[in-house]
Each structure stands twice: as structure tokens, then as C-alpha cells.
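For reference, the structure discussed in these notes is given below.
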Amino acid sequence: MKKISLLILIFFSLKTFSQDKKKQPEKVKTKMEVFTSKTGVISKYTDFNLDKLKTIYSNSETRIRKLSSGNIENYFYQIEKQGKYGSSTASIEYSDLLETIKALNKLASEVDIDLKSEPDYMENKFISEDGFQLGYYISKNKANWFIKLEKFGSDKTLFIKDLEKLKIALQLAKSKIEKLKSK
């Protein structure tokens with residue numbers, strides 16, 4: 001009888017301990033991380049600097065990064081913000097850049113309608129597969145445009161001073177990538 005009681009006690013103890021261990025969700029890799037983590041091939045990074053992106057509090061560096069791994073090439077538009085303790089960088093893969101441009105145009109067409117609804121607070125944004133965010137929030141009857149460079153952490157947000165300049169910057173990035181692809 002003692003053996004059975006002991007076995008039952010051990011069984012329930014093991015079951016309890018196994019339930020305490022919560023599975024941590026695996027961090028989903030970005031397109032840049034997937035591309036750069038390939039092993040067994042030679043990888044080459046080539047940067048092409050673009051004009052700085054003017055924001056309310058600073059100017060952010062921008063560039064096109066061409067990645068070559070074996071016979072495969074991929075292009076990313078990068079926006080880098082210098083912070084107090086380092087920098088944050090968004091790497092927007094070419095197909096995501098095209099979606100971002102479409103989303104920006106859609107958001108720009110909605111902002112006046114949203115302002116007319118006079119919300120206390122409203123946020124309207126696009127989020128890419130890699131977690132790059134672009135949008136606006138409305139507070140005190142004013143629209144404020146922003147870009148969030150990375151999913152996690154603080155000090156990763158850029159506040160856009162001039163929406164037209166952002167549109168131009170994205171179009172220039174698209175054009176530069178297309179020019180590089182055609183070579």
C-alpha cells in the first residue's frame with residue numbers, strides 16, 4: 001500500500017512540475033535575420049547610403065542594404081535611429097517596402113476623415129511582417145505621424161515632421177532598389 005501511495009505521490013509531483021514549466025514562445029526571425037543566418041555560404045553586405053530622414057527630434061540615417069548569399073540577392077531599406085545607449089534599425093525587405101508605400105498612401109487618405117470624427121485618441125497604423133510600424137495617432141485634434149523601428153524595447157519610435165518627405169524617402173528607396181536590381 002505504501003508503494004502505491006508513493007508512486008501516486010511521485011506521479012502527481014512530476015505532473016505538477018511539468019505544468020510549472022511554461023513554454024516560452026520562440027522569437028520569430030525577421031526576413032533580415034533569416035537571410036543573414038544562413039550557414040555554409042559566403043554572405044556579402046553592401047550598403048548604399050541615402051539622404052537622411054528628417055524627423056521631429058532628429059535626423060535618421062537611411063540606406064539600401066544589398067545582401068548576397070550564394071546565388072541569392074535580397075534588398076532592404078534601412079532606417080537607423082541613434083539613441084542614448086545605441087541605435088535601432090528597421091530593415092524593410094523590398095516586398096514589404098512596396099506594401100508600406102501602399103499602406104502609407106491609404107493611411108494618408110484616411111487621416112482627414114479620422115480627424116473629423118474628433119476622437120479623444122485614435123491610432124491608425126500598418127505593421128509589416130517583421131514588426132515595422134507606420135501610422136498616425138490623433139490626440140487633441142491633431143494627427144501625429146510615427147514610425148516604430150523595432151517590435152520590442154523603448155526609444156524605437158520616430159515622429160515624422162513632414163509626411164510628404166517620408167513619402168519621397170520611401171519612393172527614392174524603392175527606385176534605388178529597382179535600379180540596383182536591374183544591374
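A few points about this structure:
- If you check N141, N124 for being over 17 Å from L170 (Cα atoms) and modelled with pLDDT under 95, only one passes: N141.
- Of all residues in segment 106-122 being without any contact (Cβ under 8 Å) to a residue 24 or more places away in the chain and not in a loop (DSSP other than H, G, I, E, B), the one that is nearest to L67 (Cα to Cα): K106
- K125 passes every criterion in (1) of a type outside the set (V, I, T); (2) open to solvent by 50 Å² or more (accessible area, probe 1.4 Å); (3) not in a strand (DSSP E or B) apart from (3).
- Any hit, segment 58-68, residues being closer than 18 Å to D47 by Cα, exposed (fewer than 14 other Cβ atoms within 10 Å of the Cβ) and without any contact (Cβ under 8 Å) to a residue 40 or more places away in the chain: no
- Residue satisfying condition, being surrounded by 14 or more Cβ atoms within 10 Å (Cβ to Cβ) and out of contact with any strand residue (DSSP E or B) (no Cβ under 6 Å at 6 or more places or on another chain), within set D112, D130, D120: D130
- The listed residue being in contact (Cβ under 8 Å) with a residue 24 or more places away in the chain, in contact with a helix residue (DSSP H, G or I) (Cβ under 6 Å, 6 or more places away or on another chain), within 28 Å of S68 (Cα to Cα) and surrounded by fewer than 19 Cβ atoms within 10 Å (Cβ to Cβ), out of I101, I177: I101
- Among residues of segment 62-109, those that are over 13 Å from the mean Cα position of the chain (by Cα) and of a type in the set (A, V, I, L, M), counted: 9
- In the set (1) over 21 Å from K179 (Cβ atoms); (2) at pLDDT below 90; (3) not acidic (D, E), S60 fails one condition alone, (2).
The values are calculated or read from the model by the stated rules, or taken from the named source; none is laboratory data. Please read these numbers as outputs of a predicted model, since none were measured by experiment. Heads up, the Cβs are rebuilt from the backbone with ideal geometry, glycines too, and the neighbour counts pull from every protein chain shown. The area values use the complete protein model at the heavy-atom level, side chains included, leaving out ligands, DNA and RNA. Shrake-Rupley method; radii C 1.70, N 1.55, O 1.52, S 1.80 Å.
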